[in-house]
Amino acid sequence: MSDEKIPFLDLVTVHRGLQDEFVDVLKTALSTAGFIGGPMVKGFEEDFAQFCESRFCVGVGSGTDALRFALIAVGVRSGDIVVTVPNTFIATTEAISQTGARPDFVDIDERTYNMDPGKLRQYLEKECSWDSGAKRAFHKQTGRPVTAVVPVHLYGQMADMDPILDLAAQFNLKVIEDACQAHGAKYFSKKIGGWKTAGSMGHAAAFSFYPGKNLGACGEAGAITTDDEQLASVCGLLRDHGQSKKYFHDIEGYNGRLDAIQGGFLQVKLRHLKKWNDERGENASRYNKLFAGSRVGIILPYEPEWSRGVYHLYVLRVADRNRLQTILATAGIGTGIHYPIVLHLAKAYEGLGFRPGDFPVAELAASQILSLPMFPGLSVEQQTRVVTEVLKSL
Ligand SMILES: Cc1ncc(COP(=O)(O)O)c(C=O)c1O
């Protein structure tokens, strides 16, 4: 078996066949001086809205912008509480804090690593009291209103949206899906009786097109999807200094536009996304098969029957994760940890007063998870070597 290095992510090969189309995008931008906004951004927004089965898409500068603008647009204000999970990238909570709200957390399901709807119910029923006049849940300890929830579709697997949406309706919460890792993921909604696409279930959703994502730009980019025309229009203002037309500022906004060249690149890449997601799914099934029968000591990713994930990451769980990561690194195999520090224990959030043990499921998972190489183009030989090295280490 070859001892060639296996990268965690290969972003070179995937772009090789696209270079001519990318050059065309650059030529269009240069020949029209269309660097900001314009047809390439609009074209991508239309295509991505259609891909997500959503009515509107607003291209923005990053996934973080998308979360921040969506939260502001749904009405989250300074002093509110927005509930999310502790095992996400810090952008989720940064966006919440940057609206002036306070992030609070509920624990995750130990098999899916996504928000546990039962824990969300417990939080809303036990830690909050319902004010029927204000039609709001107020957090008992801080007296703050709880106004929104951000389920994160982590690793490309959707959160269990039916019960989350039911709770949100019951407690008058806005729902912003953090779909930054879940372009094209599907959820079977029993309520609707059909499959729904990530980004089409909440009041709005945020996507990141950071280069390593399933749909990645060649730089920074993001988007908001929503079915609500008014929300889409406010997000459109927020990304562009609140301008309805040049120098007419209806509100104060941000510089958070999607670059036209990135819009053009993304439009090219979006045509391949279904095929790339299918390849990731095949890679995941192959890993599962290669590990099957020898699973003592490792926990494989779990996909509930209502989920069709897009395997942004393939995450194993083992008792001594650090040892396994070192062994794989010595064998030339790249891995990642998503994420090593649960956010309630991050230094940045010391001031919120959380303690170890507050969210035990997320804390234990954070110490045991390891993301294996996963990208379209990962070969059978590469996967076989990864699995052989993992099994040898046990
Ligand atoms: C779950 C999650 N939320 C938010 C973000 C933020 O996206 P961006 O890096 O494009 O700002 C990311 C991407 O890194 C992410 O993985």
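Structural remarks
- Loop trypsin sites (Lys or Arg not before Pro), the stretch 263-368, which have at most 16 other Cβ atoms in a 10 Å radius of their Cβ (DSSP): Arg295
- Per-pair calculated FRET efficiency, R0 = 22 Å: Thr142 and Gln122 via Cβ, rounded to 0.05: 0.80
- GNM top mover of Leu352, Leu71, Leu215 - the chain, alpha-carbon springs below 10 Å: Leu352
- What the phi angles of the stretch 19-27 give under the Karplus curve with 6.51, -1.76 and 1.60, with θ = phi - 60°, is a coupling list of 4, 5, 5, 5, 5, 4, 4, 4, 4 Hz, glycine and proline written as x.
- Computed log₁₀ I(q)/I(0) - Debye formula, equal Cα scatterers, no solvent, the chain, q 0.14 Å⁻¹: -1.25
- Exposed loop positions in the chain were taken to be GluC sites (Glu not before Pro) whose DSSP state is not H, G, I, E or B and which have at most 13 other beta-carbon atoms within 10 angstrom. Between these positions, the longest stretch is 5-251.
- For Lys196, distant residues with modelled amide H under 5 Å away: Tyr187, Phe188, Ser189
- 1.4 Å probe accessible area per residue over the stretch 336-394, in Å²: 44 Å²
- Fraction of antiparallel bridges per DSSP, the chain only, in percent to nearest 5: 70 percent
- Placing a pseudo-label 7 Å from each Cα along the Cα-to-Cβ vector at Ser78 and Asp3 gives an inter-label distance of 6.1 nm.
- Trypsin sites (Lys or Arg not before Pro) restricted to the stretch 61-163 and DSSP loop, no more than 15 other C-beta within 10 Å: Arg77, Arg111, Lys135, Lys140
- Unit Cα scatterers, Debye sum, the stretch 281-381: log10 I(q)/I(0) for q = 0.18, 0.22, 0.23 Å⁻¹: -0.97, -1.26, -1.32
- Neighbour-limited loop hits for trypsin sites (Lys or Arg not before Pro), the stretch 8-63 (at most 15 other Cβ within 10 Å; DSSP other than H, G, I, E, B): Arg55
- Counting 0.36 nm for each residue step from Asn172 to Leu26 and taking away their Cα separation leaves a gain of 48.0 nm.
- Look at the alpha carbon pairs under 8 Å that are at least 6 residues apart: their mean separation over the length of the stretch 35-183 gives a relative contact order of 21 percent.
- Val74 accessible area, 1.4 Å probe, all protein chains in place, Å² to nearest 10: 20 Å²
- A cut-off of 5 Å between modelled amide H atoms, ignoring neighbours fewer than 5 places along the same chain, links Asp240 with Tyr254, Gly256.
- Surface share of carbon and sulfur [accessible, 1.4 angstrom probe, percent] for the chain: 52 percent
- Relative contact order computed over the stretch 235-394 (Cα-Cα under 8 Å; 6+ residues apart), in percent: 23 percent
- Accessible area (Å², 1.4 Å probe, nearest 10) - Leu391: 60 Å²
- Model label zone, Lys275; criterion: amide N under 20 Å from point 7 Å along Cα-to-beta-carbon; scope the stretch 1-39: 10-25
- Using only alpha-carbon positions in the stretch 135-234, the gyration tensor eigenvalues give semi-axes of 25, 17, 13 Å once each is multiplied by 5 and square-rooted (largest first).
- Amide H contacts of Ile36 (H built 1.01 Å from N, under 5 Å, at least 5 apart or other chain): Ala260
- Mean sequence separation of contacting Cα pairs (under 8 Å, at least six apart), scaled by the length of the chain, corresponds to a relative contact order of 22 percent.
- Cross-link partners for Lys186 among the aspartates and glutamates, with Cα-Cα distance under 12 Å and sequence neighbours closer than 8 places in the same chain left out: Glu53, Asp160, Glu303, Glu305.
- FRET efficiency for Asn288 and His249, using Cβ-Cβ distance with R0 set to 41 Å, rounded to 0.05: 0.20
- Note that the stretch 77-147 presents 42 Å² accessible area per residue, ligands and nucleic acids not counted, probe 1.4 Å.
- Legend: calculated FRET efficiency, Trp130 to Trp306, from the Cβ-Cβ distance at R0 = 35 Å, rounded to 0.05, equals 0.75.
The values are calculated or read from the model by the stated rules, or taken from the named source; none is laboratory data. Note that the coordinates shown come from a computational prediction; the quantities given were computed from them, not determined experimentally. Ideal geometry is used to build each Cβ from the backbone, glycine not excepted, and the neighbour counts take in all protein chains shown. Just the protein is used for accessible areas: all its heavy atoms, side chains included, with ligands, DNA and RNA removed. Shrake-Rupley method; radii C 1.70, N 1.55, O 1.52, S 1.80 Å.
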